[in-house]
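Asks: Dropping a structure here in structure tokens format, bear with me for questions.
A short reminder: the numbers here are calculations on the coordinates, not readings from a lab. Please read all numbers here as calculations on a predicted model, not as lab measurements. So basically every Cβ, Gly included, is an ideal-geometry build from the backbone, and we count neighbours across all protein chains shown.
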Amino acid sequence: MAKRIEADQRDVLEEKLSNNYVKRDFRGDISKYFSIPNVLVLLGIRGSGKSTLSLMLMKDLGVKFAYLNFDEEMLYGVSIKDLRSLTQAIYEVYGTDVNYFVFDEIYNVKGWELFITRLRETNRIVVTGSNSRMLSGGLSTVLTGRHSDLVLSPFSFKEYLRFKGLSEEIPTSTRRVAEVKIELGKYLDTGGFPEALMIGKQQVDVIYNDILFKDVIFRYKIRETEKFKDFSKSLISYYSSEVSLSRLAKTVEVDKRTIDLWSFGLENAYLTYFLPRFGEKPRERLTFNKKVYVVDLGIMSRMALRSRDEGRIMENAVFLKLARDNQLRGLSYIKGKDFEVDFYDEVKSRLIQVTRASDKVDEREIRGILKAKSLVRAKEHLIVTYDVEGVERIEGREIRMIPIYKFLLMS
């Protein structure tokens, strides 16, 4: 049985390797992570392309490798004891000289960390996972200092243009600007899941349901599935807005502890992100409400219960770029009694507002940045607009306005 499963998966693997794929953007050389006894962990939301990226890495390295996908139905319920026979099957199918391994969604097997620990001593290993808890559990304990992790999201706007076969450079001609704006409109609606771009945006529904059932409901043993699905759609509908989980708990008619678990599950499945409000004291950050953002714009379009809000959609897109660039480090939003700033990027020391403005920026956006300077010292002040561009100097501060298509294509 094990050998047949491995042989069937190898046939699928060879077909995948014959395809051409979109190059993904990562800082630095990923091949440096392939040292013994290190393990490369590729994390991210289901459907973002982790499996494809791991195969691309192997192909680029030009090495002989074995591949095993634990997300297949035939491997559900596999135990740590079964991994020995599966390893033997790998050698029988691929040969005994293979020393590069790719294990897809192996965290479905209880105790997998110990198996990887033994195997990594003489082999180079990539594991993928759709749950961030992989690194806070057994893996982190047994592989202290011996693993590198990278988080993959659906296509960025740059990668989207690359997928479309279009230039990803910031356009300068009128024609190219118009072309990029048209594609931006499509991207803000369809999002960046590779399958959705190849098959159609209805594929977002399939990916979304897989995330809910495989990565949250099954993993956290959620019984009230209908209420959970209602909660998930309600949470998504708050994209780019402050959210009160206590209020949502009353709406869905479950207790706060249950809502906390459900939101925890969605966040760990990389479906949603919670952005903290800036507080000068650590205790303040714990008590403030957070803003919620969604990992893919297509999910927002398909699942949000509210009508489309172009300004909030733009803000979510800006957040996703900041999250990729910073790996979620040092991001918060600032809110005072009569003002709000969408993002404080502590890593790059900048304040960022996002507005739908296409001809003139509302004074409220500028006032928010000016008032925030009493709380933080930022070197850069940026307003991301739909189509306004320029620089203004107000109260000794240089405020730069940049169209969103340019911001999303910046390195």
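Asks: For the chain, take the longest principal axis of its alpha carbons; what is the angle in degrees between that and the long axis of helix 174-190, to the nearest 10 within 0 to 90?
Replies: Once rounded, one gets 60 degrees.
Asks: Where in region 174-195 is the amide nitrogen less than 13 Å from a point lying 7 Å along the Cα-to-Cβ axis of Val206?
Replies: 194-195
Asks: With each run of n ≥ 4 DSSP H residues scored as -39500 (n - 2.57), what mean residue ellipticity at 222 nm is computed for the chain after dividing by its residue count and rounding to the nearest 500 deg cm²/dmol?
Replies: -12500 deg cm²/dmol
Asks: Simple spin-label model, 7 Å along Cα-to-Cβ: Thr225 to Ile170 in nm?
Replies: Distance between label points: 4.9 nm.
Asks: How do Ser148, Ser232 line up, fewest other C-beta atoms within 10 Å first?
Replies: Ser148, Ser232
Asks: Please compute the alpha carbon radius of gyration of the chain, then divide it by the globular-protein estimate 2.2 N^0.38 Å. Two decimals is fine.
Replies: Taking N as the residue count of the chain, the ratio is 1.05.
Asks: Could you give each residue of region 110-125 its phi-based ³J(HN,Hα) in whole Hz, using Karplus coefficients 6.51, -1.76, 1.60 with θ = phi - 60°, and x for Gly or Pro?
Replies: Computed from phi, the couplings for region 110-125 are 5, x, 4, 4, 5, 4, 5, 4, 5, 5, 5, 4, 10, 9, 9, 10 Hz.
Asks: Percent of Cα-Cα pairs more than 18 Å apart in region 32-97, please.
Replies: That tail contains 53 percent of the Cα-Cα pairs.
Asks: Near Lys371, which lysines are there with a Cα under 24 Å away, not counting those fewer than 8 places off in the same chain?
Replies: Lys281, Lys290, Lys291, Lys335, Lys337, Lys348, Lys360, Lys379
Asks: Among DSSP beta bridges lying fully in the chain, give the percent that are antiparallel, nearest 5.
Replies: Once the DSSP bridges in the chain are tallied, antiparallel ones form about 40 percent.
Asks: Also, I was wondering about something else. I'd like the Karplus ³J(HN,Hα) series for region 67-73: coefficients 6.51, -1.76, 1.60, θ = phi - 60°, whole numbers in Hz, and an x wherever there's a Gly or Pro.
Replies: Ordered by residue, 3J(HN,Hα) equals 10, 9, 9, 8, 8, 7, 4 Hz.
Asks: Given points 7 Å out from each Cα along the Cα-Cβ axis, report the Arg118 to Thr52 separation in nanometres with one decimal.
Replies: Taking the simple label geometry, Arg118 and Thr52 are separated by 3.5 nm.
Asks: Same structure, new question: How many lysine pairs are close in region 2-152, with Cα atoms under 25 Å apart and the two 8 or more places apart or on different chains?
Replies: Step by step, the pairs that qualify in region 2-152 add up to 21.
Asks: Angle between the Cα long axis of helix 82-94 and the longest principal axis of the chain, 0 to 90 degrees, nearest 10?
Replies: The angle comes out at about 80 degrees.
Asks: Kindly provide the pair-distance distribution of region 2-152 built from C-alpha pairs, with 5 Å bins from 0 and whole-percent values in order of increasing distance.
Replies: With 5 Å bins starting at 0, P(r) equals 2, 9, 20, 24, 24, 15, 6, 1.
Asks: Going by alpha carbons, how many degrees (0 to 90, nearest 10) lie between the helix axis of 225-237 and the longest principal axis of the chain?
Replies: 40
Asks: Take Glu389 and Ala178, extend 7 Å from each Cα along the Cα→Cβ direction, and tell me the distance between the two endpoints in nm.
Replies: Placing both labels 7 Å beyond Cα along the Cβ direction yields 1.6 nm.
Asks: Now for a separate question. Apply 1/(1 + (r/R0)^6) to the Cβ-Cβ distance of Asp255 and Lys186, taking R0 = 56 Å, and write down the FRET efficiency to the nearest 0.05.
Replies: Computed FRET efficiency for Asp255 and Lys186 comes out at 0.85.
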